[in-house]
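Right, one structure below, let's go through it.
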Amino acid sequence: MTAALPLAGLPLATAYTAGLKKVQLRAVTQQSANNLKQIAIAMHNYASTYNDLFPPAAVCDKRGKPQLSWRVLILPYIEQDALYKRFKLDEPWDSENNKKLLDKMPKVYAIPGVTRPGGTDTHYRVFVGNGAAFDWVMGTKITAIADGTSNTLMCVTAATAVPWTKPDELEFDPEKDMGKLIGLVVNGKAQVALCDGTVRTLAKLPPRETVAALVTMSGGEVIGNDF
């Protein structure tokens, strides 16, 4: 009879477990980066359809009140056209019809290991207003990003998650530290997509001034080596 070895207490088993965890963490980081890349590609494909305009931050009613998030508007560009057609764009996100679609959140809006199974909240949000790349009502023309698309934030992992269809974004206030709105939620790291489609994973956030410079699309700031 062969005796079973207590592998759990051996250095080899410990090293294997630690190695497996590192692989799993890297996979989560890569998946989230891929999500942001798909979002960025969808934004650009949307712009290609709509005269080089990125989507507005929300679908708004005639009075300018936000109804549905940009995450709904780009559904056709992340292979979710059938889901998009089920939304009533002239109704708010929590209307009887639209609220039923909350549990249909595409995987691209979920962070593995962060978003609970079957969850309907997302950390992927954009900065809006006061010179940011997104406006609630109007889409931004790519050529209007005077600071350059490689120097301007498109989408970030926010510190707090929101229902994915809800038009709840990060209001840009140049007088406040916007870095506090970006979350180190992907294995202790933050991730951002720039308007050129580049995705960056950040072990720590850059200084307040650099974050503000990255948010504005036409501020004329020079982005230093701290990003």
Would you please list the contacts, defined by Cβ atoms under 9 Å and residues six or more apart or on different chains, that run from a residue in region 190-201 that is more than 19 Å from V114 (Cα to Cα) and hydroxyl-bearing (S, T, Y) to a residue that is assigned to a strand (DSSP E or B) and at pLDDT 95 or above? T198/V192
Can you pull out the residues in region 23-49 that are of a type in the set (K, R) and modelled with pLDDT of 95 or more? K37
Regarding region 138-159, can at least one residue be identified that is more than 22 Å from L73 (Cα to Cα), open to solvent by less than 50 Å² (accessible area, probe 1.4 Å), touching a residue at least 60 places away in the same chain (Cβ under 8 Å) and not in a strand (DSSP E or B)? yes
Any idea which of (1) more than 26 Å from A110 (Cα to Cα); (2) acidic (D, E); (3) modelled with pLDDT of 95 or more is the one D196 doesn't satisfy? (1)
Filter result for the condition that a residue is among the acidic types (D, E), under 24 Å from T216 (Cα atoms) and at pLDDT 95 or above, over D52, D103, D121: D52
Pairs only if they're at least six apart or on different chains, beta carbon under 6 angstrom, first in region 44-69 and β-branched (V, I, T), second assigned to a strand (DSSP E or B) and open to solvent by less than 40 Å² (accessible area, probe 1.4 Å); list them, first residue then second. V59/Q67; V59/L68
Given the conditions (1) at pLDDT 95 or above; (2) out of contact with any Cys (no Cβ under 7 Å at 6 or more places or on another chain), report the number of the one that V137 does not fulfil. (2)
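Considering each residue of region 67-89, count those that are among the hydroxyl-bearing types (S, T, Y) and surrounded by fewer than 23 Cβ atoms within 10 Å (Cβ to Cβ), and give that number.
The first filter runs over region 67-89 and keeps only residues among the hydroxyl-bearing types (S, T, Y), leaving 69, 77, 84.
In the following step, the residues that additionally are surrounded by fewer than 23 Cβ atoms within 10 Å (Cβ to Cβ) were identified as 77, 84.
Number of matching residues: 2.
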Does region 109-118 hold any residues that are open to solvent by 10 Å² or more (accessible area, probe 1.4 Å) and in contact with a helix residue (DSSP H, G or I) (Cβ under 9 Å, 6 or more places away or on another chain), and which are they? A110, P112, G113, V114, T115, G118
Restricting region 181-209 to residues that are over 13 Å from the mean Cα position of the chain (by Cα) and within 23 Å of D135 (Cα to Cα), the one least open to solvent (accessible area, probe 1.4 Å) turns out to be D196
Of those in region 210-226 that are open to solvent by 40 Å² or more (accessible area, probe 1.4 Å), without any contact (Cβ under 8 Å) to a residue 40 or more places away in the chain and not polar (S, T, N, Q), the residue farthest from A133 (Cα to Cα) is D226
In region 42-66, which residues are part of a loop (DSSP other than H, G, I, E, B) and of a type outside the set (D, E)? Y50, N51, F54, P55, P56, A57, K62, R63, G64, K65
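The values are calculated or read from the model by the stated rules, or taken from the named source; none is laboratory data. Quick caveat, the model's predicted, so the values are computed rather than measured. Quick reminder, even Gly has a Cβ in these numbers, built from the backbone with ideal geometry, and neighbours come from all protein chains shown. Remember, those area values only see protein heavy atoms, side chains included, never the ligands or the DNA or RNA. Shrake-Rupley method; radii C 1.70, N 1.55, O 1.52, S 1.80 Å.
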